[in-house]
Amino acid sequence: MWKSYFDKLLSVHSAEQTEEFEIYTAESWIPEPSEIEIEMSVKKLKNFKSPGIDNIPAELIKEGGTALIKELHKLISAIRRFH
């Protein structure tokens, strides 16, 4: 079954020869987080901890307010679309 699948998948010579394949993954579907969920997560960030590799301290993220929450939501949504 796998050999047949990959033979079809890899033996394409032009765009006209491509077919839609149904892809099965072990990952379960997780719904996109809402702005409220992101806001709750930001509020749970602990103060006075070392920042991560982005060097942004939690206190700064918390002070971003609703404008930052909206931008984080847009960013997370965009990442999920391309993942």
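When region 35-62 is examined, which residues are found to be loosely packed, with under 10 Cβ neighbours inside 10 Å and among the acidic types (Asp, Glu)?
The answer is ASP54, and nothing else.
Select from region 30-62 the residues that are of a type in the set (D, E, K, R) and out of contact with any Ser or Thr (no Cβ under 9 Å at 6 or more places or on another chain) and list them in ascending order.
Within region 30-62, GLU37, LYS43, LYS44, LYS46, LYS49, ASP54, GLU59, LYS62 qualify.
When region 73-83 is examined, which residues are found to be of a type in the set (A, V, I, L, M) and either in contact with a Ser or Thr (Cβ under 9 Å, 6 or more places away or on another chain) or surrounded by fewer than 14 Cβ atoms within 10 Å (Cβ to Cβ) (or both)?
The answer is LEU75, ALA78, ILE79.
Please state which of the following conditions ILE38 fails to meet, knowing it meets all the rest: (1) aliphatic (A, V, I, L, M); (2) assigned to a helix (DSSP H, G or I); (3) at pLDDT below 95.
Tallying (1) aliphatic (A, V, I, L, M); (2) assigned to a helix (DSSP H, G or I); (3) at pLDDT below 95, ILE38 fails exactly one: (3).
Do you know which residues across region 44-83 are part of a helix (DSSP H, G or I), of a type in the set (Gly, Ala, Ser) and without any contact (Cβ under 8 Å) to a residue 40 or more places away in the chain?
Once the filter is applied, which keeps residues that are part of a helix (DSSP H, G or I), of a type in the set (Gly, Ala, Ser) and without any contact (Cβ under 8 Å) to a residue 40 or more places away in the chain, region 44-83 yields ALA58, GLY65, ALA67, ALA78.
Quick check: anything in region 67-74 modelled with pLDDT under 95 and of a type in the set (Val, Ile, Thr)?
No, that holds for no residue.
The values are calculated or read from the model by the stated rules, or taken from the named source; none is laboratory data. Please read these numbers as outputs of a predicted model, since none were measured by experiment. Here Cβ is always computed from backbone atoms with ideal geometry, including for glycine, and neighbour counts include all displayed protein chains.
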